[in-house]
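J.: Can you read through this structure? Questions will come right after.
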Amino acid sequence: MLLETYRLEIFNSKCNPGAMAVHCFAHLDQDVSEAIPYLNTVLGGFNVTREPPSVTFRSQGKLITVHGDKIAINALKDETEARKIVEWLKREINEAWDKRGEIEPSYESLPRPQVMPILKLLPKTNCRQCGEPTCMVFAVSVTEGVKGVEDCPPLTEENQKKLKEYLTPFKLDF
Ligand code: SF4
């Protein structure tokens, strides 16, 4: 087993201290740098760096970045949810590492979605319910995996479905 133990750090957003969501760092006691290109192949990161190694992807509605010594996860309900996701990642990291003989390691990022097709589906009222100043800024956040379909409350069911379909190939539909 590559990753055995870690320490959780839970904190509120500095940009928005009143927000209900919390963020988390899992400080890893074992270095998982070498597992990152294998994890990227398995989970499909949309932002991958080689030096220092890191992979960012969106899963379970969260933006998750795995570094060699740390995992960062945003927009969590509470510590229970943080522990659940970190335990899932621990399993994924260890499984990717154990099966590395069968997995082609990769530092390639998945292609990124375009801003305009996303913007076209949004209400374009700039109502700010998503926490962004405009629909355009929201669309850019979606391409970066920071915001998701569920973060625009006025989005119609039909366009929500279309947006999910558009984002599916980029693994940003969660
Ligand atoms: S909540 Fe939706 S409609 Fe309102 S500003 Fe954000 S993206 Fe635009």
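The values are calculated or read from the model by the stated rules, or taken from the named source; none is laboratory data. None of these values were measured; they are calculated from a predicted model. For neighbour counting, all protein chains shown are included, and Cβ atoms are generated from backbone atoms with ideal geometry for every residue, glycine included.
J.: Condition (residue is surrounded by fewer than 16 Cβ atoms within 10 Å (Cβ to Cβ), at pLDDT below 95 and under 14 Å from the mean Cα position of the chain (by Cα)) applied to the range 49-71: is it met by at least one residue?
T.: Among the residues of the range 49-71, at least one is surrounded by fewer than 16 Cβ atoms within 10 Å (Cβ to Cβ), at pLDDT below 95 and under 14 Å from the mean Cα position of the chain (by Cα), which makes the answer yes.
J.: List the pairs whose first member sits in the range 109-120 and is more than 19 Å from residue 58 (Cα to Cα), whose second member is of a type outside the set (Phe, Trp, Tyr) and surrounded by 14 or more Cβ atoms within 10 Å (Cβ to Cβ), and whose Cβ atoms are under 7 Å apart, counting only residues at least 6 apart or on separate chains?
T.: Between residues of the range 109-120 that are more than 19 Å from residue 58 (Cα to Cα) and residues that are of a type outside the set (Phe, Trp, Tyr) and surrounded by 14 or more Cβ atoms within 10 Å (Cβ to Cβ), the close pairs are 119/135; 119/136; 119/139.
J.: Within the range 87-106, how many residues are among the charged types (D, E, K, R) and assigned to a loop (DSSP other than H, G, I, E, B)? Talk me through it step by step, then tell me what you get.
T.: The initial filter retains those residues of the range 87-106 that are among the charged types (D, E, K, R), namely 87, 90-92, 95, 98-100, 102, 104.
Going one step further and asking which of them are assigned to a loop (DSSP other than H, G, I, E, B), we end up with 99-100, 102, 104.
Total meeting the criteria: 4.
J.: Also: Is one or more of the residues making up the range 123-130 among the hydrophobic types (A, V, I, L, M, F, W, C), in contact with a Cys (Cβ under 6 Å, 6 or more places away or on another chain) and surrounded by 19 or more Cβ atoms within 10 Å (Cβ to Cβ)? Give the derivation first.
T.: Looking only at the range 123-130, we keep the residues that are among the hydrophobic types (A, V, I, L, M, F, W, C), and these are 127, 130.
Right, trim to in contact with a Cys (Cβ under 6 Å, 6 or more places away or on another chain) and you get 130.
Then drop every residue that is not surrounded by 19 or more Cβ atoms within 10 Å (Cβ to Cβ), which leaves 130.
Yes, there is a match, as at least one residue in the range 123-130 is among the hydrophobic types (A, V, I, L, M, F, W, C), in contact with a Cys (Cβ under 6 Å, 6 or more places away or on another chain) and surrounded by 19 or more Cβ atoms within 10 Å (Cβ to Cβ).
J.: Something else: Could you count how many residues in the range 116-168 are within 8 Å of the ligand (Cβ to nearest atom) and small (Gly, Ala, Ser)?
T.: So the answer is 2.
J.: Only one of these is in contact with a Cys (Cβ under 9 Å, 6 or more places away or on another chain) and touching a residue at least 24 places away in the same chain (Cβ under 8 Å): 21, 72, 26. Name it.
T.: Numbers: 21 fails: in contact with a Cys (Cβ under 9 Å, 6 or more places away or on another chain); 26 fails: in contact with a Cys (Cβ under 9 Å, 6 or more places away or on another chain).
The unique qualifying residue is 72.
J.: Right, another one. Answer yes if at least one residue in the range 101-122 is under 21 Å from the mean Cα position of the chain (by Cα), modelled with pLDDT of 95 or more and under 26 Å from residue 12 (Cα atoms), and no otherwise.
T.: Checking the range 101-122: not a single residue is under 21 Å from the mean Cα position of the chain (by Cα), modelled with pLDDT of 95 or more and under 26 Å from residue 12 (Cα atoms).
J.: Within the range 76-86, is there a residue that is away from the ligand (no atom under 11 Å from the Cβ), of a type outside the set (S, T, N, Q), part of a helix (DSSP H, G or I) and not assigned by TED's automatic domain parsing to the domain that holds residue 33? If you could, list the steps in order and put the result at the bottom.
T.: Keep residues of the range 76-86 that are away from the ligand (no atom under 11 Å from the Cβ), which gives 76-86.
Narrowing the set further to residues that are of a type outside the set (S, T, N, Q) leaves 76-79, 81-86.
Subset that is part of a helix (DSSP H, G or I): 79, 81-86.
Restricting the remaining residues to those that are not assigned by TED's automatic domain parsing to the domain that holds residue 33 gives none.
No, because not a single residue in the range 76-86 is away from the ligand (no atom under 11 Å from the Cβ), of a type outside the set (S, T, N, Q), part of a helix (DSSP H, G or I) and not assigned by TED's automatic domain parsing to the domain that holds residue 33.
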